[in-house]
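Each reported figure results from applying straightforward, stated rules to the coordinates on display, with no laboratory input. Quick caveat, the model's predicted, so the values are computed rather than measured. Neighbour counts are summed over all protein chains in view; Cβ atoms, including those assigned to glycine, are modelled from backbone coordinates with ideal geometry.
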Amino acid sequence: MARLLAMTTSSASARRTLSDAPFLVAARGGTPAHVPVWFMRQAGRSLPEYRRLREGVPMLQACFDPEMLAEITIQPVRRHGVDAAILFSDIVVPLKAAGVDIDIVAGTGPVAAEPVRSRADVEALPELEPEQVRPITDGVRLLTEQLGETPLIGFAGAPFTLASYLIEGGPSKNHERTKALMHSEPEVWHALAGSLARTTLTFLRAQLDAGVDAVQLFDSWAGALSVKDYRTFVLPHSAAVLDGVADYGVPRIHFGVGTGELLPDMREAGADVVGVDWRLPLDEAARRLTVPGKPAPVVQGNLDPALLFASWPVVEAEVRRIVTEGRAAGGHIFNLGHGVLPNTDPEVLTRVVELVHSL
């Protein structure tokens with residue numbers, strides 16, 4: 001913690017006027033001083049300093065410890081020189097804060113003690129109050145004092161992904177119970193998704209009030225859906241979240257895995273920046289996202305995180321290709337196509353940052 005507290009401080013108001021920060025310039029479709037880069041899951045298991053800090057501390061306990069979450073969030077900025085920090089958190093944090101009996105089980109992921117599968121279950125879900133995430137917002141305030149000129153990205157899970165964990169009771173490959181509920185009891189589904197949209201919006205607005213400079217809405221499992229199902233069952237609820245933070249005037253990023261066919265709909269939901277996984281070239285993503293009469297799309301991505309284990313010439317060639325393809329969009333934020341894998345060599349990530357900045 002001493003290293004965190006020793007960093008240069010700045011006021012929260014100064015943090016909100018980082019008009020020249022490359023990440024924010026690119027996110028708004030401008031021309032940054034260099035291509036900005038940050039990595040999903042950049043704060044976490046790939047860093048030895050993170051593993052030392054987290055030793056013996058459960059994941060959710062770390063997420064609710066203001067000083068610990070601030071230190072973990074800032075570690076990759078300190079080590080890699082990335083252009084943005086993303087708040088260390090987990091998508092189930094607002095559910096846990098509200099009083100839902102859910103935990104992160106090692107080797108499994110989020111597990112709900114009592115799955116939500118009926119109207120009564122939905123009506124029993126507690127509503128999140130801003131005061132319940134006070135430890136997280138305290139951590140945000142620490143970060144806005146300590147990050148200097150580096151923007152901070154807020155974080156939340158989208159209603160569909162949260163609903164899937166609650167309905168299935170945990171991670172699922174096929175989301176069979178979720179899809180069955182959508183189609184067989186659509187009123188129950190929309191009640192659940194609406195409740196979760198309110199929870200997510202409360203969580204993001206609390207982070208924004210504390211000083212984050214952008215937000216990212218993760219819909220990790222939306223790629224399991226058809227376009228028709230996404231538009232019918234998901235888009236209205238994601239749009240409610242993204243529209244609900246529009247008045248803050250900060251960039252809104254929307255990301256999902258395997259969502260190449262859903263990209264136009266994700267932009268329609270209210271995203272200023274659309275994250276693209278590694279399955280689709282960024283120039284093709286930009287083509288799909290282009291809407292006549294609207295500004296050129298801004299994309300984020302999309303190096304395959306598995307390729308960070310390849311030789312450096314392979315990594316370098318892929319980085320150069322992605323930066324070139326990203327020029328087809330109205331703006332490009334370099335990132336991975338999903339999160340940093342646990343056994344990734346941190347030195348490779350640092351080299352990627354240096355290479356992207358040089359391009």
In Å, the Kirkwood hydrodynamic radius from C-alpha pairs for the chain sits at 20.4 Å
Which residues qualify? For residue 155, with a placed amide H closer than 5 Å and at least 5 residues away or on another chain, they are 216
Mean Cβ-within-10 Å packing, highest first, puts peptides 202-209, 296-303 in the order 296-303, 202-209
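So for each of 309-320, 82-93 I average, over its residues, the number of other beta carbons within 10 Å; can you give me the resulting order with the highest mean first?
On the way: 309-320: 13.8, 82-93: 24.8.
For the peptides 309-320, 82-93, the packing ranking is 82-93, 309-320.
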Projecting the Cα atoms of 338, 104, 126 onto the charge dipole of the chain, where Lys and Arg contribute +1 and Asp and Glu -1 at Cβ, the residue farthest towards the positive end is 338
Under 5 Å from the placed amide H of residue 304, counting only residues 5+ away or on other chains, we find 337
Mean separation of Cα contacts under 8 Å (at least 6 apart) over the residue count of region 45-107, i.e. the relative contact order in percent, is 27 percent
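Under a Cβ-only charge scheme (Lys and Arg +1, Asp and Glu -1), can you give me the dipole magnitude of the chain about the Cα centre, in debye to the nearest 20?
Numbers: 33 positive and 43 negative charges, 119 e Å.
About 580 debye.
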So the FRET efficiency between residue 185 and residue 129, C-beta based with R0 = 35 Å and rounded to 0.05, is 0.80
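With a 10 Å radius around each residue's Cβ, average the other Cβ atoms per peptide and rank 222-235, 174-187, 322-335, highest first. Please report the intermediate quantities before stating the final value.
Details: 222-235: 18.4, 174-187: 15.1, 322-335: 22.9.
Sorting 222-235, 174-187, 322-335 by mean packing, highest first, produces 322-335, 222-235, 174-187.
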For region 2-256, percent of DSSP beta bridges that are antiparallel (nearest 5) comes out at 25 percent
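Tell me, what is the percent relative contact order of the chain, built from C-alpha pairs under 8 Å that lie six or more residues apart? Could the numbers behind the result be given before it?
Working: 705 pairs, mean separation 74.2, N = 359.
RCO, the chain: 21 percent.
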To the nearest 20 debye, region 206-275 has a Cα-centred charge dipole, built from +1 on Lys and Arg Cβ and -1 on Asp and Glu Cβ, of 180 debye
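Determine the dipole magnitude for region 105-155: charges of +1 sit on the beta-carbon of Lys and Arg, -1 on that of Asp and Glu, nothing else is charged, the reference point is the Cα centre, and the result goes in debye to the nearest 20.
Values: 4 positive and 9 negative charges, 36 e Å.
With Lys and Arg at +1 and Asp and Glu at -1, about 180 debye.
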Here region 314-325 yields Karplus 3J(HN,Hα) values (6.51, -1.76, 1.60; θ = phi - 60°; whole Hz; Gly and Pro given as x) of 5, 4, 4, 4, 5, 4, 4, 4, 5, 4, 5, 5
Once the dipole of the chain is set up from charges on Cβ (+1 Lys and Arg, -1 Asp and Glu), the residue from the list 212, 308, 68 lying farthest towards its positive end is 308
Under a Gaussian network model of the chain whose springs join Cα atoms within less than 10 Å, the largest fluctuation of 106, 210, 43 belongs to 106
